[in-house]
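Asker: Here's a structure for you.
The values are calculated or read from the model by the stated rules, or taken from the named source; none is laboratory data. Because the structure is predicted, anything quoted here is derived from the model rather than measured. Every residue, glycine as well, gets a Cβ built from its backbone with ideal geometry; the counts of neighbours run over all protein chains shown. When the accessible area is computed, the model is the full protein with side chains, heavy atoms only, and any ligands, DNA or RNA have been set aside. Shrake-Rupley method; radii C 1.70, N 1.55, O 1.52, S 1.80 Å.
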Amino acid sequence: MLNYLVYLLTFVIGSILGLLYSYKLHGEPYVADSSIDTKTCIMSIVGWTLGINSGTIILGGIGFLLAGFVLNERPGYGRKETAIGLAIAIIVYILLHLTM
């Protein structure tokens, strides 16, 4: 039960930080840039991979903090990075569990 509370709290904190960062970085009223941001893409890949595949509370918490940061940026930002990170994390999960 404590695991889920830690994961939920770190995800919410990451979400708030991502929203604040995104509003500070992008001042335009709508999505003007549709390119993929490499920093947030790497954060998403690492975050989702740690969140889904780690076995410890600390690494899982760090993973969900990073995943929440990217997922909850301003509307229109972070959606491609989140999809890429989640897809890679699922592939890693499948590869790890196929070998067992």
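Asker: Can you find, within the range 33-42, the residue that is most open to solvent (accessible area, probe 1.4 Å) among those that are among the charged types (D, E, K, R) and not in a helix (DSSP H, G or I)? Give the steps one after another, and end with the answer.
Answerer: To start, the set of residues in the range 33-42 that are among the charged types (D, E, K, R) comprises 33, 37, 39.
Next, only the ones that are not in a helix (DSSP H, G or I) stay: 33, 37.
Values: Asp33: 79, Asp37: 56 Å².
Of everything passing the filter in the range 33-42, Asp33 is most open to solvent (accessible area, probe 1.4 Å).
Asker: Could you list, in sequence order, all residues of the range 56-84 that are assigned to a loop (DSSP other than H, G, I, E, B), at negative phi and surrounded by 14 or more Cβ atoms within 10 Å (Cβ to Cβ)?
Answerer: Asn72, Glu73, Arg74, Tyr77, listed by residue number.
Asker: Let me ask you something else. Just to be sure before I move on: is Ile45 open to solvent by 80 Å² or more (accessible area, probe 1.4 Å), part of a helix (DSSP H, G or I) and of a type in the set (Val, Ile, Thr) in the structure I sent? Show your work before the answer.
Answerer: Details: open to solvent by 80 Å² or more (accessible area, probe 1.4 Å): no; part of a helix (DSSP H, G or I): yes; of a type in the set (Val, Ile, Thr): yes.
No; evaluated as a whole, the condition is false for this residue.
Asker: Next question, about the same structure. Take the residues in the range 90-100 that are in a helix (DSSP H, G or I) and not β-branched (Val, Ile, Thr); name whichever of them is most open to solvent (accessible area, probe 1.4 Å).
Answerer: Leu98
Asker: Just wondering, is there one or more residues in the range 78-100 that are over 20 Å from Thr10 (Cα atoms) and at pLDDT below 85?
Answerer: yes
Asker: Can you name the number of the only condition in (1) without any contact (Cβ under 8 Å) to a residue 12 or more places away in the chain; (2) in a loop (DSSP other than H, G, I, E, B); (3) small (Gly, Ala, Ser) that Ala87 fails?
Answerer: Of (1) without any contact (Cβ under 8 Å) to a residue 12 or more places away in the chain; (2) in a loop (DSSP other than H, G, I, E, B); (3) small (Gly, Ala, Ser), only one is false for Ala87: (2).
Asker: Only one residue in Ile13, Ile62 is closer than 22 Å to Leu96 by Cα and either in contact with a Phe, Trp or Tyr (Cβ under 8 Å, 6 or more places away or on another chain) or modelled with pLDDT of 90 or more (or both). Which one? Spell out the reasoning first.
Answerer: Details: Ile13 fails: closer than 22 Å to Leu96 by Cα.
Result of the check over Ile13, Ile62: Ile62.
Asker: Answer yes or no as to whether Gly76 is out of contact with any helix residue (DSSP H, G or I) (no Cβ under 9 Å at 6 or more places or on another chain), in contact (Cβ under 8 Å) with a residue 24 or more places away in the chain and closer than 27 Å to Lys24 by Cα.
Answerer: yes
Asker: Follow-up. Restricting the search to the range 6-32, which residues are free of Cβ contacts under 8 Å to residues at least 40 places away in the same chain and surrounded by fewer than 11 Cβ atoms within 10 Å (Cβ to Cβ)?
Answerer: Lys24, Gly27, Glu28, Pro29, Ala32 - these are the residues of the range 6-32 that are free of Cβ contacts under 8 Å to residues at least 40 places away in the same chain and surrounded by fewer than 11 Cβ atoms within 10 Å (Cβ to Cβ).
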